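Notes for the one structure printed next.
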Amino acid sequence: MAHRVTLIPGDGIGPEVVDAARRAIEATGVPIQWDLRHMGSGAFSRTGKTLPAGTVGSIRENGVALKGPVDTPVTSGLRNVNVTLRQELDLYANVRPCRLYPGVPSPYDRIDLVVVRENTEDMYTGFEFEMGTVAAKELIRFIEGATGLTIREDSGLSIKAISEEGSERIVRFAFDWARAHGRHAVTAGHKANIMKFSDGLFLEVSRRLAAKNPDIAFEDRIIDALTMQLIQAPERFDVVVLPNLYGDIASQLGAGLIGGVGVAPGAQFGGAGGREMAVFEATHGSAPDMAGTNRANPIGLILSGAMLLLHMGEADAGLRLEGAVAAVLAEGVHVTRDLRDPGDDRPTAGTSEVVDAVVAGL
């Protein structure tokens, strides 16, 4: 029986890399019934909706999606369509594997860590107050009255909200992910030394859940020290779990360690235990200036496709697809320009040639 998967091409280079990933997934022989849907600026120009209800409904019904990069039009009324999708479907866990494959230029010999990012709270809740507005002035007065601290009148305000429930489910997800994927340690990143009631709560919950998972090693790191250590000695880390903003930054840092977002897969999970809904996606932007030029690197989204297959229980196909990608990268012939060292003047491949090579390896 065919798996039914929502397919969202996205904007800019999205349709090209999504088509490449679709071809690679189909080449594994796993039967897929694709449910084509749209979101982003293209959807807005055609329908007036940046996130059509049919797209959200399709993901809810199918439980799994493959998604390209999307843009948020300024006139859409949404702050960010990706954030809106996460909130609509409660996709609370963002998973970013950061593995360095042989053949990819990097100053490191080995990197194999996973960033688990809380996806719905923290600074991305949208609770912001513009400088000079009545609401901002009232909030400033309230804060000054409640704390005795002074805030400049010409301040814009953003609210950082971290809950016990939100912290519990993302930290539990990180421990469960580590156990299910044969990993041995979880590191919690925070700034609890300064933000004692938000990051402090996240750290308290992390330590409490660590005590209930004694088979997985646990440590915590203050976020500024963590980012330094990720660059100095990334091999020391296994699974890193963080609140939303820090997780966003650490995810990009991790991508930089392994060759860039062009080779970095990603997924978002929601529902009970983070297993009821999953969106596998490109972790890079839409790069509209590259659209239609056959220059986009499809490797990251193809690796997201391998994650999708594993998630659906198609372990053999998922591992074969990852192996085919690894072989292409190791050979170093059919790769895009971003995967060449400066000064390497060997010919590079286009998007279609890269996926052709991956498919041939299957």
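The values are calculated or read from the model by the stated rules, or taken from the named source; none is laboratory data. In this text, all values refer to a predicted model and were calculated from it rather than measured experimentally. In this analysis, Cβ positions are derived from the backbone assuming ideal geometry, glycine residues included, and neighbour counts consider all displayed protein chains. To get the accessible areas, we keep the full protein, side chains included, count just its heavy atoms, and leave off ligands, DNA and RNA. Shrake-Rupley method; radii C 1.70, N 1.55, O 1.52, S 1.80 Å.
Assorted remarks:
- Backbone amide hydrogens, once placed in the peptide plane, bring GLY266 within less than 5 Å of GLU281, SER304, excluding anything fewer than 5 places away on its chain.
- For the range 298-317 versus the range 9-31, the spacing of their alpha-carbon centroids is 11 Å.
- Once backbone amide H atoms are built at 1.01 Å from N, ARG4 has GLN33 as its partners under 5 Å, excluding neighbours fewer than 5 places away on the same chain.
- Magnitude of the charge dipole, the range 13-75, Cβ model with Lys/Arg +1 and Asp/Glu -1, debye to 20: 140
- Sulfur and carbon atoms: percent of accessible area, the range 1-104 [1.4 Å]: 49
- Fraction of accessible area attributable to carbon and sulfur, the range 213-277 (%, probe 1.4 Å): 57
- About the centre of its Cα atoms, the chain shows a dipole size close to 360 debye [charges on the beta carbon of Lys, Arg (+1) and Asp, Glu (-1) only; nearest 20 debye].
- For the pair LYS137 and GLN252 in one chain, pulling the backbone fully straight at 0.36 nm per residue adds 37.9 nm over the alpha carbon distance.
- Net dipole in debye of the range 295-339 [+1 Lys, Arg Cβ; -1 Asp, Glu Cβ; about Cα centre; nearest 20]: 200
- Between the beta carbons of ASP316 and ARG179, assuming R0 = 25 Å, the FRET efficiency works out to 0.70 to the nearest 0.05.
- Estimated distance in nm for a label pair at PHE197 and TRP34, the labels positioned 7 Å out from Cα along Cα-to-Cβ: 5.0
- Residue among GLY343, LEU309, ALA327 farthest towards the positive dipole end of the range 293-343, charges placed on Cβ: GLY343
- Note on SER45 and GLU61: their simple-model spin labels are 2.7 nm apart, each label 7 Å out from Cα toward Cβ.
- Looking at the range 170-221, the chymotrypsin sites (Phe, Trp or Tyr not before Pro) that sit in a DSSP loop and have at most 12 other Cβ atoms within 10 Å of their own Cβ are PHE197.
- Toward the positive end of the charge dipole of the range 139-292, with +1 on the Cβ of Lys and Arg and -1 on the Cβ of Asp and Glu, the farthest Cα among GLY156, PHE142, PHE173 is that of PHE173.
- Modelled label reach - MET1, point 7 Å along Cα→Cβ, the range 61-78 residues with backbone N closer than 18 Å: 61-65
- Legend: calculated FRET efficiency, THR293 to GLU235, from the Cβ-Cβ distance at R0 = 35 Å, rounded to 0.05, equals 0.45.
- Integer Hz, Karplus 6.51/-1.76/1.60 couplings in order for the range 54-68, x for Gly and Pro: x, 5, 4, x, 4, 5, 4, 6, 7, x, 8, 9, 10, 10, x
- Once you reduce the range 52-114 and the range 177-253 to the center of their Cα atoms, the two points are 20 Å from each other.
- Averaged over its residues, the chain has an accessible area of 44 Å² per residue, based on protein heavy atoms and a 1.4 Å probe.
- Choice from ARG207, ARG60, ARG46 with maximal GNM fluctuation in the chain (Cα, 10 Å cutoff): ARG46
- Cβ-based charge dipole, the chain, positive-most Cα from PHE280, PRO214, PRO102: PRO214
- Built amide H within the under 5 Å cut-off of VAL241, gap 5+: VAL116, THR187, ALA188, GLY189
- FRET efficiency for the pair GLU204 and SER352, taken as 1/(1 + (r/R0)^6) with r the Cβ-Cβ distance and R0 = 41 Å, rounds to 0.20.
- Normalised contact order of the chain, rounded percent, pairs of Cα under 8 Å and 6 or more residues apart: 23
- Computed on the range 19-92, with alpha-carbon pairs under 8 angstrom and 6+ residues apart, the relative contact order is 25 percent.
- Note, ³J(HN,Hα) from phi for the range 195-205, Karplus 6.51, -1.76, 1.60, rounded to Hz, x at Gly and Pro: 9, 6, 9, 10, 5, x, 5, 4, 5, 4, 5
- Cross-link reach list, aspartates and glutamates versus LYS191, counting only Cα pairs under 18 Å and skipping chain neighbours closer than eight places: GLU118, GLU121, ASP122, GLU164, GLU168, ASP199, GLU204, GLU219, ASP220, ASP224, ASP248
- Computed per residue of the chain from DSSP H runs no shorter than four, each worth -39500 (n - 2.57), the mean residue ellipticity at 222 nm is -13000 deg cm²/dmol.
- In this rough spin-label picture, where each label sits 7 Å from Cα along the Cβ direction, the ASP109-THR227 distance is 2.8 nm.
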